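Contents: one structure, followed by commentary.
The values are calculated or read from the model by the stated rules, or taken from the named source; none is laboratory data. Not measured: the values here are computed from a predicted model. Because the Cβ atoms are built from the backbone with ideal geometry, glycine has one as well, and the counts that use them run over all protein chains shown. The protein model used for the area step is the full one, side chains on, heavy atoms only, and it has no ligands, DNA or RNA in it. Shrake-Rupley method; radii C 1.70, N 1.55, O 1.52, S 1.80 Å.
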Amino acid sequence: MMRLPTFAYNAPADAAEITRILHEEGPAAQVVAGGTDLFPNMKRRQVEPETVVSLYRATALRGIEWDTDGSLRIGPTETLRALERDARLKEDFPALHAAIVSISTPLLRSTGTLGGNLCLDTRCQYLNQNYEWRRAINHCLKCTGDTCWTAPGGTKCWAVNSSDSVPVMIAMGAKLVLQSTEGEREVDAEDFYDIEDGRDWLKKRPDELLTGIRIPKQNGSRSTYMKLRRRDAFDFPVLGVAATLETDGDVITEAKIVLNSVGPAPVRCTEAEQSLIGKKLTDEAIEEAKDLSRKGAKPLDNTDYLPNYRKKMVPVFVKRALLSLR
Amino acid sequence: MGDYRIIGRKQTKVDGLAKSLGATKYADDLFLPRMLHVKLLRADVAHARVVSIDVSAAAAMPGVHATLVGSELPEKFGILPVSQDEHTLCPDTVRFVGDPVAAVAAVDEDTAFEAIQAIRVEYEPLPAVFDPAVAMRNDVPALHDYGDDGNVHKRVSMEFGDVDGALAGADLVLDDTVFFQGNTHLAMEQHATLANPEPDGRLTVWSSTQTPHYLHKAMSKVLGLKPARIRIIACPNGGGFGGKSDPFNHELAVAALALKTGRPCKICLTREEVFYCHRGRHPVLMNSRMGLNKDGSITGLHFQSLLDGGAYGSYGVASTYYTGALQTVTYRVPVYRFDGVRTFTNKPPCGPKRGHGTVQPRFALEIQMDKAAHALGLDPAAFRLANLQPPDSVTANWLKIRTMGLRKCTEKVIEASGWNDRYGKLPRGHGLGLACSSYITGAGLPIYWNRMPHSGVQLKLDRGGGVTAFCGATDIGQGSDTVLAACVAEILGIELLDVHVCVSDTTLTPVDLGSYSSRVTLMMGNAAIQAAERARDLLADAAAEKLEVPKGRLVFADNTVLDSEDPERSMSFQQAIVFAEAKFGTIGTVGSYTPPKTPGRYRGAGVGPTPTYSYSACVVELHADEDTGRVDVDRIWIAHDIGQAINHYLAIGQVEGGVYMGLGEALMEEMAYRPRRAGVHKIPSMLEYKSPTTMEMPPVETFLIEDPDPEGPFGAKEAGQGPLLPVMPAVANAVFDALGVRVDQCPITPELIVQAMENPDKRSGPKSYPDLRIEKPVRVKTAEEGGDGYEVDQVRKKKQLARERRTDEQKTTQ
Amino acid sequence: MTLRRIAKRLLVNGEEHEVSFLPHRTLLEVLREDMALTGTKHGCELGECGTCTVLLDGEPVLSCLVLARECEGREIETVEGLAGASGPHPLQHRFAELNAAQCGYCTPGMLMTAMSVLRKTPAPDRETLRRELAGNLCRCTGYLKIYEAIEMAAEDLQDG
Ligand SMILES: Cc1cc2nc3c(=O)[nH]c(=O)nc-3n(C[C@H](O)[C@H](O)[C@H](O)COP(=O)(O)OP(=O)(O)OC[C@H]3O[C@@H](n4cnc5c(N)ncnc54)[C@H](O)[C@@H]3O)c2cc1C
Ligand code: FES
Ligand code: FES
């Protein structure tokens, strides 16, 4: 039986107390929401926090709230299952809904949270293994070793951002609220993941707590999410494509195409996006955007499927995503 | 079909409710007072000499009760007598990442985990090899000091008739090289074992094993305890599929630690460790050359296989033979040659998985049959039907075919799938594929050559009207407990639940060789029938006397014994027992079963024969995406020649389960390693080793073809393994129908489909087949050529062969 | 760190139990090892198979990833609680009858998920079952008899 290592445990009922503990304990403490990411990682001894701060009593961190302007606020500890069942969310944010229902399995979604999904640790086939296994490869850069076995020549960690909701949040221009003992700040989802290295996968200090997610009303835009994986349940994305288009009549006024799971951070296909602006979504426009989307994705041999295949699938998926928005 | 009350009907299986109530006790569900928990330290290098092991720090940790290292148990073991190459814990050499070197027993699993991390092992690295073609080279150090040479564990070559001549004379010769990747059983239950040292010095072991009898042997050998002092109880297995058929390191280590500490010791492996136990499907590279005449007949077949065996022998010698043996039992192959080589490599050992050894060559053969039909301009179904091996015949390699339901199976799936109207005519991206197959209903020979029965059943008849059936067979989910009860209940005219089954306990039950090779229903079933008939005979004697009716007129039905001509003259089944017990004393009977002799007498003739072959045919309908290579299977039709279903639901369950597992192998399951990173298993987890979920499983339409076989109990043949075999090639053939590309490799992944779409020859798969350095095959004349089943030019050897067998027998029966 | 057991009141299958266990134990471990409720099985302990499914406040969850201490005050249901005074639940009968429990190892988890589905959707269609059971791996049955068993149990329940 894979078992958890020991840890000190705290479950304060309010965010202020949580951030106080996080501030005091520093990186030795780790927040847990649903635990569906943290606990497997702890059981494999990838992370062994001295203190686990559980959010389960902090009821204020839950909830789904619609503002009068049609924007949405979600509490980070809202379960994926609850969000999936929200009819309005499905209606107004179909791409987010699609991303959420594609996460693992109904069982996991019962406890897994949106906040956890947004803060999901990066993943790698050299990392998400038992302690004994990692010892056989002499550990890796992200976890006590000094080489990234995915790209041994380099100096950075190539563990992959494998969250389904992250690319959608970026495409929708979502904002994340972070709280610490120093107060509250709001960041663009895009900036939250603006990182280079899979070791520090979020632009967030260890003492900061994600306390809210705000998604602006999508002004007449259409959105979609497509996911490459081997099985239609359980499996993480090994390529995720989120796309949103805003149009004026037939003409595209704003486009966002975000890839995920092809590197430590999500990738905006800015050139492809630019190419669409001012155009109609014609076959030619889609072809051009598709070709431009190849740049930026650097799939390596640390997830399911061969990297070369994943790379080939980027334009295929981008094209399909755009086609689905017609 | 017989008119049975229980056989073939939709009866609830005897252990069904216990399982759905969560009441069934699997090995890890057992807890004993004062029980210690065991963990194994496994090698983190692929190949090395063990220079030293220092367990002192672990032993000194609070809560640690004992440690164990390899030198304490020098005796080797292994499932086959010819491959005794495993140690409980490696004393001097480790051969793959995961090979165990030390063990700890501690108060709880957390402590045991901490303790194994404190063990210091010094290794001296040895060159590791992961590729069988490389392993065969002379300059690569051998993993073992036995085998055929170097890292060649087994080299087999046999020729039945003049194959070169037949190929030279053919109108067309197809030459295909195909690769089948290894995969594993992935039973949901992780192996667990509990050992209890009894106060009187005996040892009791509960384990998730499919072969308690062979574990008993290994345990006795390694621990140096008389078999009579060891009791092995196989718990209901939470899935086996062949993965729990070998004696395992952890079983022996736990037993040794129980003896050492004087306390019960338990282990439950982690999922990662289960991947190291493996014994799953061998990766096999194959080459098949088939000669064909324009009229659509096969002139001859030359089949070659190169098996990547992993680090130990396991069933590997048998697996090697099996990659060649059954290529002749479906279609008429007048002359046949088979060359096979199994090599050792520094990976977890391969062994028997559902369809043992015959799955990979079947994949190659059925793809080749499809290609042959297209090359000849024939319909693949018609081409197969025109070439079927006839019933009651002997194949080129001297296998005796009895009933043969493949025609009916094929016709059934052709009809149900609308094949004739739809094959080759579906829109692009949609396809149909057909494949046929066959499997043994139990191996004709036991693992240790001897003349004793392969299965034994004892019945105890109770004055209260109950019957207890004792048998060594193990229920691994296939339903053998129900088969046992059903055979007995049918004969004695009682209900299923009137039969108590007491199984898989080496102390209480007569030997059944184990739940492998699809042998249990046929062998145990026949033994059960014999025992039940003997019991019925005793009861009939007493009842006839009491009822004053001729014995021959008595019928046993509905818990009564009655006169068939005057049903009023009757007594209850229980009364019959009472009268019989009064007349004869305590009532107990025995039955046993030994398979018939095989006509093949040549070296290697032992693998392939069976009391009777089962047959299956399968049509797969799918759609494939030419840009992404994604395959979605829409529907599967499968017909299985089962002879006679003993229980309708059990039979359907085996077929559907086989199709499911086959689909996993066809589309996604593979054992992958990282040779450049210490040879670690790439994906030893339930998440990354892909097992199909509900989302991947299509509807399946199952047809049971019932044509009772005289060798089977009530005519039954196997269903546990056969129905898996046609699924993978049917998928490959359907992909061809959908996209016009050939994927000569299994699993048929999106990557391979995309690659085939891009390749000019519209094919992906292995490019070449290496030279296996086979010198001279064993030559055997076929029956048609007037052969006698012995090797040519070795008539002299016949007597010697017989003599050798006799000495073997003496050796193993001692 | 010294490991002291903690005592919690757990409501399991409608009965309240005072259970003491180590603070870092998961619900799976506590059910099996501290409460002898071994009906709940495990196949990976990492959230990758669904074998350990139990109901927590009516929702199917992976007991291998839930801290037992966080279950206090919540309603826990395991396979042992499915049968009532009138005998096995129709799901259990149908699973047994149709051989939807072959080796039986995935069965407890499968049943708990099925139970949660039937409570929400008394007459689920195939597609619903397929989606809702996607997190419960079974290596024996190919799922088909499991669907049928649930469908038949659904009818049994509706017929009363
Ligand atoms: C078998 C399996 C399959 C999976 N498949 C998918 C998949 O397909 N797609 C996918 O996207 N994910 C997948 N996951 C990952 C994960 O389960 C989900 O992303 C889930 O949403 C994580 O939420 P959680 O609440 O359980 O996270 P937790 O494990 O509680 O937390 C995850 C991380 O986020 C941090 N965190 C959580 N909440 C906060 C907060 N409020 N503030 C700051 N930090 C916080 C934690 O410290 C931790 O580092 C899978 C996991 C498993 C085990
Ligand atoms: S045991 Fe596999 S998901 Fe919990
Ligand atoms: S019945 Fe064996 S795993 Fe489902």
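Can you confirm whether the range A:100-116 contains a residue that is away from ligand 3 (no atom under 16 Å from the Cβ), of a type in the set (D, E, K, R) and either out of contact with any helix residue (DSSP H, G or I) (no Cβ under 7 Å at 6 or more places or on another chain) or modelled with pLDDT under 95 (or both)?
No - not one qualifying residue is present in the range A:100-116.
Restricting attention to the range B:12-38, report how many residues are out of contact with any Phe, Trp or Tyr (no Cβ under 6 Å at 6 or more places or on another chain) and assigned to a helix (DSSP H, G or I).
Residues meeting the conditions: 6.
Taking helices (runs of 4 or more DSSP H) that do not extend beyond the range B:318-431, which have at least 2 residues that are in contact with a Ser or Thr (Cβ under 8 Å, 6 or more places away or on another chain) and of a type in the set (A, V, I, L, M)?
Helices (runs of 4 or more DSSP H) meeting the threshold: B:359-376, B:380-386.
If we keep just the residues of the range C:1-17 that are within 13 Å of A:Tyr9 (Cβ to Cβ) and without any contact (Cβ under 8 Å) to a residue 60 or more places away in the chain, which is surrounded by the fewest Cβ atoms within 10 Å (Cβ to Cβ)?
Here the answer is C:Arg4.
Any idea which of A:Thr150, A:Thr144 is open to solvent by 40 Å² or more (accessible area, probe 1.4 Å) and either touching a Leu at 6+ places or on another chain (Cβ under 8 Å) or free of Cβ contacts under 8 Å to residues at least 24 places away in the same chain (or both)?
A:Thr144
Mind counting the residues in the range C:72-89 that are touching a residue at least 60 places away in the same chain (Cβ under 8 Å), more than 7 Å from every other protein chain (Cβ to nearest Cβ) and either outside any loop (DSSP other than H, G, I, E, B) or among the aliphatic types (A, V, I, L, M) (or both)?
4
With respect to B:Asp110, is the statement that it is within 14 Å of another protein chain (Cβ to nearest Cβ), part of a helix (DSSP H, G or I) and either more than 24 Å from B:Met671 (Cα to Cα) or open to solvent by 40 Å² or more (accessible area, probe 1.4 Å) (or both) true?
Criteria met by B:Asp110.
Can you name the residue in the range C:117-142 that is open to solvent by less than 10 Å² (accessible area, probe 1.4 Å) and without any contact (Cβ under 8 Å) to a residue 12 or more places away in the chain and is also nearest to ligand 1 (Cβ to nearest atom) among such residues?
By that ranking, first place goes to C:Ala134.
Quick test for you: out of B:Val741, B:Val727, pick the one residue that is over 18 Å from A:Asp304 (Cβ atoms), open to solvent by less than 10 Å² (accessible area, probe 1.4 Å) and without any contact (Cβ under 8 Å) to a residue 60 or more places away in the chain.
Going through B:Val741, B:Val727 in turn, just one is over 18 Å from A:Asp304 (Cβ atoms), open to solvent by less than 10 Å² (accessible area, probe 1.4 Å) and without any contact (Cβ under 8 Å) to a residue 60 or more places away in the chain: B:Val741.
Where the second residue is of a type in the set (Phe, Trp, Tyr) and surrounded by 14 or more Cβ atoms within 10 Å (Cβ to Cβ) and the first is farther than 17 Å from B:Ala133 by Cα and lies in the range B:759-778, which pairs have Cβ atoms under 7 Å and are six or more apart or on separate chains?
B:Val778/B:Tyr602
Condition check ((1) assigned to a loop (DSSP other than H, G, I, E, B); (2) under 24 Å from B:Pro692 (Cα atoms); (3) open to solvent by less than 10 Å² (accessible area, probe 1.4 Å)) across all residues:
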{"residue": "C:Thr51", "(1), (2), (3)": "yes, yes, yes"}
{"residue": "C:Val54", "(1), (2), (3)": "no, yes, yes"}
{"residue": "C:Pro60", "(1), (2), (3)": "no, yes, yes"}
{"residue": "C:Cys64", "(1), (2), (3)": "no, yes, yes"}
{"residue": "C:Glu70", "(1), (2), (3)": "no, no, no"}
{"residue": "C:Leu91", "(1), (2), (3)": "no, yes, yes"}
{"residue": "C:Phe95", "(1), (2), (3)": "no, yes, yes"}
{"residue": "C:Ala100", "(1), (2), (3)": "yes, yes, yes"}
{"residue": "C:Tyr105", "(1), (2), (3)": "yes, yes, yes"}
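Taking strands (runs of 3 or more DSSP E) that do not extend beyond the range B:571-690, which have at least 1 residues that are within 14 Å of chain C (Cβ to nearest Cβ)?
Correct list: B:613-624, B:631-641.
If you take the residues in the range B:537-583 that are of a type in the set (Gly, Ala, Ser) and open to solvent by 60 Å² or more (accessible area, probe 1.4 Å), which one is farthest from the chain's Cα centre (by Cα)?
Ranking the qualifying residues of the range B:537-583, first place goes to B:Ala582.
Can you give me the number of residues within the range A:97-112 that are open to solvent by 10 Å² or more (accessible area, probe 1.4 Å) and either closer than 14 Å to C:Ala134 by Cβ or within 13 Å of another protein chain (Cβ to nearest Cβ) (or both)?
Counting residues in the range A:97-112 that are open to solvent by 10 Å² or more (accessible area, probe 1.4 Å) and either closer than 14 Å to C:Ala134 by Cβ or within 13 Å of another protein chain (Cβ to nearest Cβ) (or both) gives 8.
Among the residues of the range A:215-231, is any small (Gly, Ala, Ser), farther than 27 Å from A:Asp69 by Cβ and at pLDDT below 95?
No - not one qualifying residue is present in the range A:215-231.
Take the residues of the range C:67-80 that are of a type in the set (A, V, I, L, M) and closer than 13 Å to C:Phe21 by Cβ: which is farthest from ligand 1 (Cβ to nearest atom)?
Taking the candidates together, the pick is C:Ala68.
Being within 28 Å of C:Arg25 (Cβ to Cβ), more than 16 Å from ligand 2 (Cβ to nearest atom) and open to solvent by less than 20 Å² (accessible area, probe 1.4 Å) is true for just one of C:Ala114, C:Ala83. Which residue is that?
C:Ala114
Kindly indicate whether B:Thr509 is without any contact (Cβ under 8 Å) to a residue 60 or more places away in the chain and under 13 Å from B:Thr589 (Cβ atoms).
For B:Thr509, the condition - without any contact (Cβ under 8 Å) to a residue 60 or more places away in the chain and under 13 Å from B:Thr589 (Cβ atoms) - is not met.
Regarding B:Leu752, is this residue within 12 Å of another protein chain (Cβ to nearest Cβ) and under 26 Å from the mean Cα position of the chain (by Cα)?
no
Please enumerate the residues belonging to the range C:18-43 that are part of a loop (DSSP other than H, G, I, E, B), touching a residue at least 24 places away in the same chain (Cβ under 8 Å) and within 11 Å of chain B (Cβ to nearest Cβ).
C:His24, C:Arg25, C:Leu37, C:Gly39, C:Thr40, C:Lys41, C:Gly43
Each row is one residue, and each column tells you yes or no for (1) over 29 Å from B:Thr482 (Cα atoms); (2) of a type outside the set (Lys, Arg); (3) in contact (Cβ under 8 Å) with a residue 24 or more places away in the chain; (4) touching a Phe, Trp or Tyr at 6+ places or on another chain (Cβ under 7 Å).
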position: B:Ala528; (1), (2), (3), (4): no, yes, yes, no
position: B:Glu533; (1), (2), (3), (4): no, yes, yes, no
position: B:Lys546; (1), (2), (3), (4): yes, no, yes, yes
position: B:Val561; (1), (2), (3), (4): no, yes, yes, yes
position: B:Pro567; (1), (2), (3), (4): yes, yes, no, no
position: B:Ile577; (1), (2), (3), (4): no, yes, yes, no
position: B:Gly585; (1), (2), (3), (4): no, yes, no, no
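Here are B:Leu225, B:Leu215, B:Leu174, B:Leu203: which of them is without any contact (Cβ under 8 Å) to a residue 60 or more places away in the chain and open to solvent by 10 Å² or more (accessible area, probe 1.4 Å)?
B:Leu225 is the lone residue from the list that is without any contact (Cβ under 8 Å) to a residue 60 or more places away in the chain and open to solvent by 10 Å² or more (accessible area, probe 1.4 Å).
Would you pick out the residues in the range C:24-59 that are away from ligand 3 (no atom under 16 Å from the Cβ) and more than 29 Å from A:Glu50 (Cα to Cα)?
C:Ala36, C:Leu37, C:Thr38, C:Leu55, C:Asp57, C:Gly58, C:Glu59
Does C:Glu33 count as farther than 18 Å from A:Pro5 by Cα and open to solvent by 10 Å² or more (accessible area, probe 1.4 Å)?
Judged against the criteria, C:Glu33 is not a match.
Identify all residues within the range B:170-220 that are more than 16 Å from ligand 1 (Cβ to nearest atom), within 14 Å of chain C (Cβ to nearest Cβ) and under 19 Å from the mean Cα position of the chain (by Cα); write none if there are none.
B:Asn183, B:Thr184, B:His185, B:Ala187, B:Glu189, B:Gln190, B:His191, B:Ser208, B:Thr209, B:Gln210
Of the residues B:Val101, B:Val94, B:Val121, which is within 29 Å of B:Pro770 (Cα to Cα) and crowded, with 18+ Cβ neighbours inside 10 Å?
Selected residue: B:Val94, the only one of B:Val101, B:Val94, B:Val121 that is within 29 Å of B:Pro770 (Cα to Cα) and crowded, with 18+ Cβ neighbours inside 10 Å.
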